[in-house]
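Peer 1: Dumping the structure here so I can ask a few things about it.
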Amino acid sequence: MAERTKYILDEADLPAQWYNVVPDLPEPPPPPLHPGTREPVGPADLAPLFPQALIEQEVTAERYIDIPEEVRDVYRLWRPSPLYRAHRLEKALGTPARIYYKYEGVSPVGSHKPNTAVPQAFYNAAEGVTRLTTETGAGQWGSALAFACATFGLSCEVWQVRASYDQKPYRKLMMETFGAQVYPSPSDRTAAGRAILAENPQSTGSLGIAISEAVEQAAADPGARYALGSVLNHVLLHQTVIGEEALRQFELAGDTPDVLVGCTGGGSNFGGLAFPFLREKLAGRMNPVIRAVEPAACPTLTRGRYAYDFGDTAGLTPLLKMHTLGHDFIPDPIHAGGLRYHGMSPLISHIYELGLIEALAIGQQECFAAGVQFARTEGIIPAPEPTHALAACIQEALRCKETGEEKVILTALCGHAHLDLPAYGAYLAGDMVDNELPDAALEKSLAALP
Ligand SMILES: *Cc1c(COP(=O)(O)O)cnc(C)c1O
């Protein structure tokens with residue numbers, strides 16, 4: 001077979017269904033609990049926050065969910081996304097490994113986030129919701145939801161972590177261009193924000209605080225709902241278009257992956273790529289190693305505790321059984337803003353506990369070195385988050401160089417860095433530091449688990 005660089009599917013090959021991995025797992029994940037009663041939450045508990053269709057998807061036992069035609073129409077703006085073979089990176093590394101990457105930077109905002117923002121906005125609009133609230137860190141999720149809300153005629157309000165709001169004006173301008181309102185978090189618009197500001201007027205915020213603010217606002221307005229960009233089952237469900245397309249593209253390539261690698265913040269791009277391959281693995285049709293990569297400064301899977309915790313700082317969300325660093329943990333300000341969340345998707349956490357995936361943590365300097373090498377060989381500047389996955393790909397490819405193994409490696413290149421170039425600036429100037437997380441800081445935040 002001639003070795004191509006780029007595998008492109010026809011629009012007709014756009015997946016018609018999302019894949020739900022839960023019914024294929026040897027045991028189901030533990031349910032979310034009501035923080036007051038400690039009983040499993042019911043649909044009525046979630047109704048003030050999410051539309052009915054998404055609540056159903058959150059708990060569904062169906063293996064496949066039809067993607068609405070209105071959503072597929074918007075997906076066609078950029079999907080199916082390309083799968084590339086990284087010939088030039090392989091050559092630069094001198095590895096016999098074959099490296100492939102599924103590129104999600106072709107979306108309107110430059111990441112995988114619109115794969116779920118679009119259906120979330122669609123279902124809310126279909127149920128008569130007029131206003132969505134959300135949080136964002138570096139701004140990838142906020143800009144994806146702002147785009148999706150513009151598409152379906154919803155108003156959109158975004159609480160952006162203060163540190164990013166001040167340092168990264170371009171994402172805010174993108175959100176505003178799509179018509180969203182953007183507030184720095186903590187803000188004085190919510191009780192949760194005011195409580196944090198009373199304690200520390202200089203607070204630079206966190207995703208957990210911004211979630212509290214957005215949830216509080218949505219819960220108080222019957223015409224509003226809240227949207228989350230990662231972590232929850234329905235979000236990972238929507239992202240499985242990535243893996244379903246990649247499976248077909250591997251058929252075109254006549255190849256089968258031995259190792260899948262993805263970066264994990266809340267787990268959505270990783271789950272989106274990995275779950276369809278995990279289905280194939282559980283059915284015995286292939287046997288890839290599946291590996292999650294997280295930042296050493298926010299090592300949820302590798303050093304966090306598997307316990308019930310809140311999804312936000314103020315304790316407004318249901319309790320989720322997940323790998324967590326503690327809901328008031330505030331990670332060091334590393335450049336991969338999308339990987340700075342204190343928890344991990346309950347579904348990914350459960351699958352990790354079942355031993356179906358591996359995890360490792362890597363410091364940001366090694367990651368940016370990988371990002372620069374990738375940019376100089378493949379011509380795409382990776383977002384800071386997927387540089388973590390690329391660093392792990394390079395580690396694997398270099399092991400293959402030593403052993404002579406011709407492994408096939410697949411990663412999700414879940415976004416580009418066109419609005420994150422100051423991070424590369426810091427790396428190139430030699431100003432980047434590795435923030436190892438001290439045990440004492442971790443013990444302190446874990447002591448506050450509910
Ligand atoms: C948000 C984001 C992440 C982290 O979120 P996941 O849910 O773990 O995918 C990673 N990469 C990019 C480009 C992002 O925008």
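Peer 1: Select from segment 128-160 the residues that are at pLDDT 95 or above, of a type in the set (A, V, I, L, M, F, W, C) and in contact with a helix residue (DSSP H, G or I) (Cβ under 7 Å, 6 or more places away or on another chain) and list them in ascending order.
Peer 2: Selection gives Leu132, Ala144, Leu145, Ala146, Phe147, Ala148, Cys149, Phe152, Leu154, Cys156, Val158, Trp159.
Peer 1: Scan segment 73-119 for residues that are within 15 Å of the ligand (Cβ to nearest atom) and touching a Cys at 6+ places or on another chain (Cβ under 9 Å) and jot them down.
Peer 2: Tyr101, Lys102, Tyr103, Glu104, Gly105, Ser111, His112, Lys113, Ala117
Peer 1: A further question follows. Could we say that Thr302 is part of a loop (DSSP other than H, G, I, E, B) and among the β-branched types (Val, Ile, Thr) here?
Peer 2: In short, no.
Peer 1: Is it the case that Phe275 is buried (at least 17 other Cβ atoms within 10 Å of the Cβ) and either more than 16 Å from the ligand (Cβ to nearest atom) or without any contact (Cβ under 8 Å) to a residue 24 or more places away in the chain (or both)?
Peer 2: Criteria not met by Phe275.
Peer 1: Tell me the helices (runs of 4 or more DSSP H) entirely within segment 332-450 that contain at least 3 residues that are of a type in the set (Gly, Ala, Ser).
Peer 2: Per the criteria, 364-378, 384-403, 421-428, 439-446.
Peer 1: For segment 57-64, check the following and say yes or no: at least one residue is among the β-branched types (Val, Ile, Thr) and surrounded by 12 or more Cβ atoms within 10 Å (Cβ to Cβ).
Peer 2: Looking for residues that are among the β-branched types (Val, Ile, Thr) and surrounded by 12 or more Cβ atoms within 10 Å (Cβ to Cβ), one finds at least one in segment 57-64, hence yes.
Yes or no, residue by residue, for (1) open to solvent by 10 Å² or more (accessible area, probe 1.4 Å); (2) in the same structural domain as His87 (by TED's automatic domain parsing); (3) free of Cβ contacts under 8 Å to residues at least 24 places away in the same chain; (4) touching a Ser or Thr at 6+ places or on another chain (Cβ under 8 Å):
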| residue | (1), (2), (3), (4) |
| --- | --- |
| Thr377 | yes, yes, no, no |
| Glu385 | yes, yes, no, no |
| Glu396 | no, yes, no, no |
| Arg399 | yes, yes, yes, no |
| Glu402 | yes, yes, yes, no |
| Ile409 | no, yes, no, no |
| Leu413 | no, yes, no, no |
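Peer 1: Please enumerate the residues belonging to segment 1-57 that are in contact with a strand residue (DSSP E or B) (Cβ under 8 Å, 6 or more places away or on another chain), without any contact (Cβ under 8 Å) to a residue 40 or more places away in the chain and of a type in the set (Asp, Glu).
Peer 2: Answer for segment 1-57, where residues must be in contact with a strand residue (DSSP E or B) (Cβ under 8 Å, 6 or more places away or on another chain), without any contact (Cβ under 8 Å) to a residue 40 or more places away in the chain and of a type in the set (Asp, Glu): just Glu39.
The values are calculated or read from the model by the stated rules, or taken from the named source; none is laboratory data. This structure is a prediction, so every number in the text was calculated from the model and none was measured. As a convention, Cβ positions derive from the backbone with ideal geometry for all residues, glycine included, and neighbour counts pool all protein chains shown. Just the protein is used for accessible areas: all its heavy atoms, side chains included, with ligands, DNA and RNA removed. Shrake-Rupley method; radii C 1.70, N 1.55, O 1.52, S 1.80 Å.
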